[in-house]
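**Q** Here it is: the structure, laid out below.
The values are calculated or read from the model by the stated rules, or taken from the named source; none is laboratory data. Just so it is clear, the structure is predicted and the values come from calculations on it, not from any experiment. A quick note on method: Cβ atoms are made from the backbone with ideal geometry, for glycine too, and the neighbour counts reach across all protein chains shown. Surface areas here come from the heavy atoms of the whole protein model, side chains and all, with no ligands, DNA or RNA. Shrake-Rupley method; radii C 1.70, N 1.55, O 1.52, S 1.80 Å.
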Amino acid sequence: MKKFKVIIEFSSGRTKEFTIESTTEAELISSITRNERWYIMKNGYVINLENVIGFSVSEVK
């Protein structure tokens, strides 16, 4: 598993940064965009994607 840094920008102007483990970057992006809500079990967050205006994913080395 690789570690990825995900930065999410909300419509309110607030940002949130997470470090997530996934096998590939494409799999992580797919899991974010698949549903209306994105669940981060490890951190206990549920992010409503209706309030998200953008996100970026980069591999942590």
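**Q** Please give the number of the condition Tyr39 fails out of (1) over 10 Å from the mean Cα position of the chain (by Cα); (2) of a type outside the set (A, V, I, L, M, F, W, C); (3) modelled with pLDDT under 90.
**A** Tallying (1) over 10 Å from the mean Cα position of the chain (by Cα); (2) of a type outside the set (A, V, I, L, M, F, W, C); (3) modelled with pLDDT under 90, Tyr39 fails exactly one: (1).
**Q** Here is a follow-up. So, in region 1-44, how many residues would count as being closer than 26 Å to Lys61 by Cβ, open to solvent by less than 90 Å² (accessible area, probe 1.4 Å) and either assigned to a strand (DSSP E or B) or in contact with a His (Cβ under 7 Å, 6 or more places away or on another chain) (or both)?
**A** 14
**Q** Continuing with the same structure: Filter region 45-61 down to the residues that are in contact with a Phe, Trp or Tyr (Cβ under 8 Å, 6 or more places away or on another chain) and not in a strand (DSSP E or B) and list them by number.
**A** Restricting attention to region 45-61, the residues satisfying the condition of being in contact with a Phe, Trp or Tyr (Cβ under 8 Å, 6 or more places away or on another chain) are 45-47, 49, 51-53, 57-60.
Leu49, Asn51, Val60, listed by residue number.
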